[in-house]
Amino acid sequence: MTAPAERAGVIVVRSVGWDDAAAVALRGAMGEEMGARYADRLASKPDYLPRGMNVAPESVGYTGVAYAGAVPVGHVALRRLGADLEIKRMFVTPSHRGTGVARALLAAAEDAARALGGSRIILQTGDRQPDAVRVYEREGYTPIPRFPPYERLEGSYCFEKFLA
């Protein structure tokens, strides 16, 4: 018998290690998609991406993978960035966008942030990700000035959410 949380249509977010195979594969898929969305900027400006965009595994406090049944369909991580926790590598597979995966990933990340003692989550996304901007705004994230290392990143949008 299938557990209730594993039935079709139910999204389950599991805490995994940064090096979990599904997490690595989802980050790879995200890298391919973002590379295509920002290809012209990456090609025309060799230093377009600032240092600090890469995630050092030791800075990660939480990694979550969303599953629809047995299929991994989304990823989120939290890294420590100074006194804050930053959402990194938030990604939903194209086949599962608009199905509640992003909401489930954000809820899991917020719960993890609280467990880590965080009172605020920050994040950065780009101008070629309007779908992501809509999700963050819908979920109560508010725009803030660009923060390091994104302050000079063209088309960068930054957000925050205070946790209750």
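The values are calculated or read from the model by the stated rules, or taken from the named source; none is laboratory data. All figures in this text were calculated on a predicted structure; none of them were measured in a lab. Virtual Cβ from ideal backbone geometry, glycine too; neighbours counted across all protein chains shown. Areas reflect the complete protein model, heavy atoms only, side chains present, ligands, DNA and RNA absent. Shrake-Rupley method; radii C 1.70, N 1.55, O 1.52, S 1.80 Å.
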Query raised in the report: What part of the accessible area of the stretch 10-146, given as a whole %, is carbon or sulfur when the probe is 1.4 angstrom?
Result: 55 percent
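Take the alpha carbon gyration tensor of the stretch 84-152, find the square roots of its eigenvalues, order them as a ≥ b ≥ c, and report rounded if a/c is under 1.5; if not, report prolate when a/b exceeds b/c, else oblate. Mind dumping the intermediate values first?
Numbers: a/c = 1.93, a/b = 1.11, b/c = 1.73.
The shape class here is oblate.
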Report summary line: Computed for the chain: size of charge dipole around the Cα centre, +1 on C-beta of each Lys and Arg, -1 on C-beta of each Asp and Glu, debye to nearest 20, value 120 debye
Report task. Given the options Arg146, Arg114, Arg134, state which has the largest fluctuation in a GNM of the chain using a 10 Å cut-off (strictly under) for Cα springs. Result -> Arg134
Report task. Sum up the charges of everything whose Cβ sits under 9 Å from the Cβ of Gly61, counting Lys and Arg as +1 and Asp and Glu as -1, but leave Gly61 out. Result -> +2
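Going by average Cβ neighbours within 10 Å, how do the peptides 31-44, 92-105, 149-162 rank, with the highest at the top?
Numbers: 31-44: 12.1, 92-105: 17.9, 149-162: 15.7.
Top to bottom by mean Cβ count within 10 Å: 92-105, 149-162, 31-44.
Helix-only mean residue ellipticity at 222 nm, the chain, DSSP H runs n ≥ 4 weighted -39,500 (n - 2.57), per residue, nearest 500. What is it?
Numbers: 4 runs with 47 residues, N = 164.
When only DSSP H runs of four or more count, the value is -9000 deg cm²/dmol.
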Query - Net charge over other residues, Cβ less than 11 angstrom from the Cβ of Lys88 (K, R count +1; D, E count -1) - result: +3
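Over the chain, what is the mean sequence separation of C-alpha contacts under 8 Å (at least six apart), divided by residue count, expressed as relative contact order in percent?
Details: 264 pairs, mean separation 34.7, N = 164.
About 21 percent, as a whole number.
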